[in-house]
Amino acid sequence: MSDLFDDPQPGQNAPEFSVSELSGEVKRTLEGSFGRIRVRGEVGRVFKARSGHLYYDIKDDRSVLACTTWKGQISNLAVVPEEGLEVVVTGRLTAFGAQSKYNMNVDEVAVAGQGALMALLEKRKKQLEAEGLFAPERKKPLPYLPHIIGVVTSPSGAVIRDILHRLRERFPRKVLVWPVAVQGSNCAPEVARAIEGFNRLTPGGALPRPDLIIVARGGGAIEDLWGFNEEVVARAVAASEIPLISAVGHETDTTLIDFVSDRRAPTPTAAAELAVPVRLELMGWVEDQGARLLRGTGQAVQMRRQRLNDLARAMPRPESLLDTPRQRLDHVADRLPRALIAGVQNRHVALSRASAALRPATLRQLVDSRRDRLRNLSSRLSLRPITQEASRQQDRLTQLSQRLDAAQGLRIERHRQNLQATGRQLDILSYKATLERGYAVVRSGAEIVTSRAAAAQAVALSIEFADGSLDLSTRGEPTRPAKTSGKAGAGKSDPSKPDNNTTEAGDDQGALF
């Protein structure tokens with residue numbers, strides 16, 4: 001009975017918890033006691049899972065705190081944790097009961113002090129330099145006079161007004177402004193997207209692609225300019241196909257984008273001066289070059305004209321150059337007709353000589369003699385091959401003889417036709433044909449009488465008709481006027497009749513008196 005009244009052992013009356021209940025109680029106690037806290041430390045191991053969540057450690061010289069940033073929270077971080085970086089993280093403390101661990105869900109990360117920022121900047125600089133992003137050979141030359149300039153900056157600051165004012169003073173150009181945040185957590189992604197967006201524009205499209213990009217921001221502390229030190233901005237600048245000028249901060253400020261860009265300007269105003277030349281200076285230079293070109297062209301033309309005149313004086317006159325060839329041409333022209341006639345005659349004589357030797361009878365006699373000789377030789381040679389060869393040669397000789405006879409016959413016939421044609425032409429051109437048409441030739445001795453007065457003075461006349469001549473005596477007989485036909489040749493010219501040498505006979509009498 002005494003056992004019923006004895007006190008139990010300490011702790012035996014405590015409530016019992018399951019493992020899950022205890023884990024939940026610990027989680028609620030941690031989250032309720034601490035709430036939203038800030039922790040400073042050095043970033044240790046960093047791991048990004050395939051799901052997109054980021055796991056890393058915050059440590060000091062004695063302890064380690066596991067931290068988690070979910071996938072949707074990473075884009076809101078001002079600084080992405082990197083191993084060795086001293087940061088201040090902000091979030092809520094929670095527990096992970098499945099492994100009896102507690103960790104911190106971080107949604108804000110800030111660099112702890114300027115020294116840490118400079119160390120991070122130096123680390124990124126060395127990394128990008130090792131990759132070759134700072135190499136001079138990859139930097140693109142700036143266009144001398146860009147048509148369109150793209151500006152990546154805040155649309156409400158003084159930077160864009162300074163750039164536009166300077167461009168208007170030097171050389172007005174079209175400007176496309178891509179508004180971005182120039183500080184804070186949104187600065188780096190917006191600047192990177194702006195550079196990529198300008199590069200994706202189509203040249204000559206509705207919104208044309210710029211020929212030059214200026215990334216500009218005014219001065220400030222290193223924390224304010226930190227968005228231009230982010231790796232995403234540096235890689236976007238390195239990947240840009242459009243030449244880019246960085247004009248971030250004042251002349252003493254240096255950011256990571258300055259090393260990657262194609263050209264660095266100490267101020268945004270200086271970037272506008274690098275982008276375009278001075279229009280008035282350019283116009284003056286063009287006018288000066290035009291004047292120099294005109295002077296040089298004039299001097300060159302004058303020198304060549306003088307040189308041409310000097311050479312012309314040393315050359316003979318064109319008329320004197322043509323005198324000798326002209327005389328030679330006249331001499332040859334005089335000799336040409338006689339030479340042609342003589343050449344034709346010589347060839348005619350040569351042809352006659354050659355044709356005389358090619359008489360059919362002579363050739364036939366030569367063929368017969370050769371055939372007889374061949375027969376004698378063939379009778380003396382009893383060898384069959386020789387006989388066959390002789391037979392072939394005889395057949396060939398027979399063929400040649402036949403061809404020669406045919407050719408000679410054709411040639412004789414052609415000459416006969418030419419001779420007949422020549423005879424017909426002679427008959428046509430002879431005055432005998434004219435007499436046959438009713439004309440007559442009156443002669444006084446050996447001379448031809450062409451007028452009535454000459455006939456009256458002649459002692460005796462002879463009239464030649466087509467069929468013969470008639471002799472007349474004019475002394476002691478009365479003279480009667482001649483009856484002439486209208487076809488008399490006096491006073492008229494006919495190419496088919498003798499000129500003034502023939503007279504047509506009368507109708508019955510055939511006399512000219």
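The values are calculated or read from the model by the stated rules, or taken from the named source; none is laboratory data. Note that the structure is a prediction, hence the values are computed from the model and not measured. Because the Cβ atoms are built from the backbone with ideal geometry, glycine has one as well, and the counts that use them run over all protein chains shown. When the accessible area is computed, the model is the full protein with side chains, heavy atoms only, and any ligands, DNA or RNA have been set aside. Shrake-Rupley method; radii C 1.70, N 1.55, O 1.52, S 1.80 Å.
What to note about this one:
- Helix content alone sets the calculated 222 nm mean residue ellipticity of the chain: runs of n ≥ 4 DSSP H residues at -39500 (n - 2.57) each, divided across all residues, give -16000 deg cm²/dmol.
- Kirkwood Rh in Å, taken over all unlike Cα pairs in the range 31-106: 12.7
- Taken over the range 246-362, the alpha-carbon convex hull comes to 357 cubic angstrom per residue.
- Principal axes of the chain: Cα extent on each, largest first, Å: 220, 90, 54
- Spatial extent of the range 249-313: Rg and Dmax, with the Cα atoms as the point set, Å: 24.2, 75
- Put a plus charge on the Cβ of each Lys and Arg, a minus charge on the Cβ of each Asp and Glu, and nothing anywhere else: the dipole of the chain about its Cα centre is then about 4960 debye.
- Centre separation in Å (Cα based) which lies between the range 55-79 and the range 247-294: 45
- Computed from Cα positions, the angle between helix 384-429 and the longest principal axis of the chain comes to roughly 70 degrees.
- Antiparallel %, DSSP beta bridges [both residues in the chain], to 5: 70
- For the chain, the relative contact order works out to 7 percent when only alpha carbon pairs closer than 8 Å and six or more residues apart are counted.
- In whole angstrom, the range 170-278 maps to an equivalent ellipsoid with semi-axes of 21, 17, 12, each derived as √(5λ) from the alpha carbon gyration tensor and ordered largest first.
- Mean separation of Cα contacts under 8 Å (6+ apart) over length of the range 228-299, as relative contact order %: 25
- Size of the range 51-198: Rg and Dmax of its alpha carbons, in Å, are 21.2, 69.
- Pairs from Lys71/Lys101; Lys27/Lys71; Lys59/Lys139; Lys71/Lys174; Lys27/Lys59; Lys126/Lys174 whose Cα-Cα separation, in the structure shown, is over 32 Å: Lys59/Lys139; Lys71/Lys174; Lys126/Lys174
- Per residue value of the accessible surface for the chain (all protein chains in place, 1.4 Å probe), Å²: 67
- Rh by Kirkwood over Cα pairs, then Stokes-Einstein D for the range 97-158 at 0.692 mPa s and 37 °C, µm²/s: 188
- With Cα atoms, 0 to 90° folded angle of helix 318-357 axis to the chain main axis: 60
- Counting all C-alpha pairs of the range 113-222, share separated by more than 21 Å (%): 51
- Dividing the Cα radius of gyration of the range 354-447 by its Kirkwood radius returns 1.44 for Rg/Rh.
- Apportionment of accessible area to carbon and sulfur, the chain, percent (1.4 Å): 54
- Degrees separating the helix 158-170 axis from the principal Cα axis of the chain, which is the longest one: 20
- The range 240-281 - Rg and Dmax from Cα coordinates, angstrom: 11.2, 36
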